[in-house]
2 protein chains.
Amino acid sequence: MALPLIAFMSDIKAPENVQLPLFAGVDVGGTNIKVGLVDNDGQIVATTKFPTQQELGPQAAINQARSVLDQLIDESPFSWPDVEAAGLGTPGPMDISRGLILTPVNLPGWRNFPVRDALSIALDKPVTFANDAAAAAYGEFWVGAGRNHDSTVLITLGTGVGGGIIVNNQPIDGSHSHGSEVGHIVIDSTDAARMCGCGHKGHLEAYASASAIVARTQEVLTERRNSILTQLIGEASPLSALMVSEAAAGGDDLACQIVAETAIYLGRGITILAHVIDPSAFFLGGAVDFGGAETELGRHFLDLVCAEVKKNSFPVIADQLTIEFAQLGSEAGFVGAAGLGRIEHLKKIAQRS
Amino acid sequence: MALPLIAFMSDIKAPENVQLPLFAGVDVGGTNIKVGLVDNDGQIVATTKFPTQQELGPQAAINQARSVLDQLIDESPFSWPDVEAAGLGTPGPMDISRGLILTPVNLPGWRNFPVRDALSIALDKPVTFANDAAAAAYGEFWVGAGRNHDSTVLITLGTGVGGGIIVNNQPIDGSHSHGSEVGHIVIDSTDAARMCGCGHKGHLEAYASASAIVARTQEVLTERRNSILTQLIGEASPLSALMVSEAAAGGDDLACQIVAETAIYLGRGITILAHVIDPSAFFLGGAVDFGGAETELGRHFLDLVCAEVKKNSFPVIADQLTIEFAQLGSEAGFVGAAGLGRIEHLKKIAQRS
């Protein structure tokens, strides 16, 4: 079945600045699939994305990834032999060792599909398989916010709270492909703890995800009406985490309170992780960034998170831990996937010699 | 200064069963220093221990470790050239990358001592330095309870609650030598949370260490007098965790309640760690084992811990996670230290080739 080729923008680097070999990265999301070519230094050589169209099934998407990469390479000064290996990130749950995507919530048509080997066959390259959050964490570690740190944790605040932990130059995948589930650590052990989407109580995700922020805001709004949000919901429902962020940026008291409480919840989670992993740095990614590093609110949020962590952690961690926003945005996933493909490639070379 | 040579038992293996090369392990504790020779398969070739005598300072202890290893080798069919490398475990806090022991509570005379390099000079071998709990965790992973698992967490219940996390064949040391501080994760976020010795509230150590068990028991004893412990304290004070364990083994209701609550607290901590690390197995070590795997109470305690973890963790973890007692006892530390020395040695060989 022929899929329509999607128009795309790509940014081919001047070949003299590219460090060969290249590595291909594929980042599968529920809406789009991002692909790219990354050089040996982690520089993006070319990138594009296309709709996942999950109703057409995973093999169609894999074929499309090949077509799109063919096109990227055709438009570049490089050729397929310059590409040594590839990396693939997908949502979980998954079986990393067997290369299977299992029962992804947003990709029902992809259930139990041997996605790693299918991509490897389509590209005729070895493929390293990872959780999408682990791939993004590796991307930030390799060439993003973490490039000067020796071990890092990425926490993504979005629809859920996900993350990836990089220690000893590798993600913690877990023995059952459930490592780095930082959204599902208990930060509230009280009887009144909130229920998480996973069915357990008190998890970080139940406090700091976009939907949790909306739920917490709505609860306060029923008691306190003197917020700009009361008016906004009337004009343009439904309430969103972005609306809360914008209201807080505008100085709305209730929204500012929600942001401050979110920082405390996140700080609690980071403190636990800091005492388990003791990384050099934590990075915050995902859509819920309260404006990010470029805004006053974003920096204020980060300050509040840091203050909460400092208050509750060992002195050396309080003194030396870095907590910042991630830098690669939506490119972190495919860059990190390509980087993980590179690491496997380097290991194979080391074993051969 | 000549130290008195301590009499010791050693168990030299038949040379035909030993897989060369050998690795030396040194495990520094506040009371004793355990040393041993371990072969390439992790078999103990010879082992002994001597008093730390911390008032004589670290260099005297290092010299004694060399003398004792000389004697072990003299009595064996092997010689120093058969020993490729060594490993050293000490209590923290420490600076692993610089090889320093910093401000150990039980070794005041060892402050800021470059213990790794001092041992390396004394033995004329490369020395790998690790936290003592990380070394023990590696020993259990390599040849103990974890020998058939791909990633493991050791939790030691003793004076404090310590631990070591082994992922990708390495301990998580942390960027500031504070990784794997599993006793210092918050398991109680209520206002009534107990204060931990580290100065923060709600940590696992404040609930499941020997002294925490004593404190919790004493609180209940002030309200309920119908426990054998009331009588025992009268006869042989002070109360100890071992007395609580023995009373529970004898069926004392109050002591059984303390054991059951300890299991729940530990289960909470393990659930958090399981969602962060997702190891193949957790192992419980240390003096507070409620009799261990050979007793009904020990097995009951383990069942209660498992039940609490199953109730609160992801289905795949609830189904597949192993939680058992550790197997190497006090030998885990020097065996693991030797094993970490071996891993570094193997890495150097791989880099050379």
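The values are calculated or read from the model by the stated rules, or taken from the named source; none is laboratory data. Quick caveat: nothing in here was measured; it's all calculated off a predicted structure. Positions of Cβ are backbone-derived with ideal geometry, glycine not excepted, and every protein chain shown enters the neighbour counts.
Note on the range B:116-170: among residues that are acidic (Asp, Glu) and touching a strand residue (DSSP E or B) at 6+ places or on another chain (Cβ under 8 Å), the one that is surrounded by the fewest Cβ atoms within 10 Å (Cβ to Cβ) is B:117.
The number of residues in the range B:310-351 being part of a helix (DSSP H, G or I), surrounded by fewer than 23 Cβ atoms within 10 Å (Cβ to Cβ), β-branched (Val, Ile, Thr) and in contact with a strand residue (DSSP E or B) (Cβ under 8 Å, 6 or more places away or on another chain) comes to 1.
Within the option set B:28, B:68, being under 20 Å from residue B:333 (Cβ atoms), touching a residue at least 40 places away in the same chain (Cβ under 8 Å) and touching a helix residue (DSSP H, G or I) at 6+ places or on another chain (Cβ under 8 Å) holds for one residue only, B:28. Is the range A:120-127 home to any residue that is within 14 Å of chain B (Cβ to nearest Cβ) and in contact (Cβ under 8 Å) with a residue 40 or more places away in the chain? For the range A:120-127, residues within 14 Å of chain B (Cβ to nearest Cβ) and in contact (Cβ under 8 Å) with a residue 40 or more places away in the chain: absent. What about residue B:304, is it closer than 15 Å to residue B:166 by Cβ, modelled with pLDDT of 95 or more, of a type outside the set (S, T, N, Q) and touching a helix residue (DSSP H, G or I) at 6+ places or on another chain (Cβ under 6 Å)? Criteria not met by residue B:304. Residue pairs whose Cβ atoms lie under 9 Å apart, sitting 6 or more positions apart in sequence or on different chains, and linking a residue in the range A:236-263 that is over 16 Å from residue A:295 (Cα atoms) to a partner that is charged (D, E, K, R) and at pLDDT below 95, are A:253/A:224; A:254/A:224. Going by the structure shown, is residue A:252 in the same structural domain as residue A:321 (by TED's automatic domain parsing) and closer than 30 Å to residue A:142 by Cα? For residue A:252, the condition - in the same structural domain as residue A:321 (by TED's automatic domain parsing) and closer than 30 Å to residue A:142 by Cα - is not met. The set of residues in the range A:264-296 that are assigned to a loop (DSSP other than H, G, I, E, B), under 30 Å from residue B:163 (Cα atoms) and of a type in the set (D, E, K, R) contains only A:278.
Residue A:149 passes every criterion in (1) of a type outside the set (Phe, Trp, Tyr); (2) farther than 13 Å from residue A:336 by Cα; (3) within 7 Å of chain B (Cβ to nearest Cβ); (4) more than 14 Å from the chain's Cα centre (by Cα) apart from (3).
For the range B:178-221, filtering for residues that are under 19 Å from the mean Cα position of the chain (by Cα), more than 14 Å from every other protein chain (Cβ to nearest Cβ), surrounded by fewer than 24 Cβ atoms within 10 Å (Cβ to Cβ) and not hydroxyl-bearing (Ser, Thr, Tyr) leaves 1.
Go through A:331, A:308, A:296, A:324 for me and flag whichever is over 16 Å from the mean Cα position of the chain (by Cα) and away from chain B (no Cβ under 14 Å).
Step by step, each of A:331, A:308, A:296, A:324 is checked, and only A:296 is over 16 Å from the mean Cα position of the chain (by Cα) and away from chain B (no Cβ under 14 Å).
Of the residues making up the range A:194-214, those that are in contact with a Phe, Trp or Tyr (Cβ under 9 Å, 6 or more places away or on another chain) and over 28 Å from residue B:280 (Cα atoms) are A:194, A:207, A:208, A:212, A:213. Go over the candidates B:177, B:189 one by one and state the one that is touching a Ser or Thr at 6+ places or on another chain (Cβ under 7 Å) and closer than 21 Å to residue A:318 by Cα. B:189 is the lone residue from the list that is touching a Ser or Thr at 6+ places or on another chain (Cβ under 7 Å) and closer than 21 Å to residue A:318 by Cα. Scanning the range A:238-254 finds no residues that are under 19 Å from residue A:324 (Cβ atoms), at pLDDT 95 or above and within 14 Å of another protein chain (Cβ to nearest Cβ).
Listed by position, the strands (runs of 3 or more DSSP E) inside the range B:81-189 whose residues that are not assigned by TED's automatic domain parsing to the domain that holds residue B:201 number at least 3 are B:83-90, B:127-131. Selection of first residues in the range B:133-157 that are in contact (Cβ under 8 Å) with a residue 40 or more places away in the chain and of second residues that are β-branched (Val, Ile, Thr) and assigned to a loop (DSSP other than H, G, I, E, B), restricted to Cβ pairs under 6 Å at least 6 apart or on distinct chains, gives the following pairs, ordered by first then second residue: B:157/B:288. Looking at the range A:249-297, which of the residues that are within 23 Å of residue A:221 (Cβ to Cβ) and among the small types (Gly, Ala, Ser) is surrounded by the most Cβ atoms within 10 Å (Cβ to Cβ)? Per the criteria, the residue is A:255. For the range A:204-237, taking the residues that are part of a helix (DSSP H, G or I) and of a type in the set (S, T, N, Q), the one that is modelled with the lowest pLDDT is identified as A:231.
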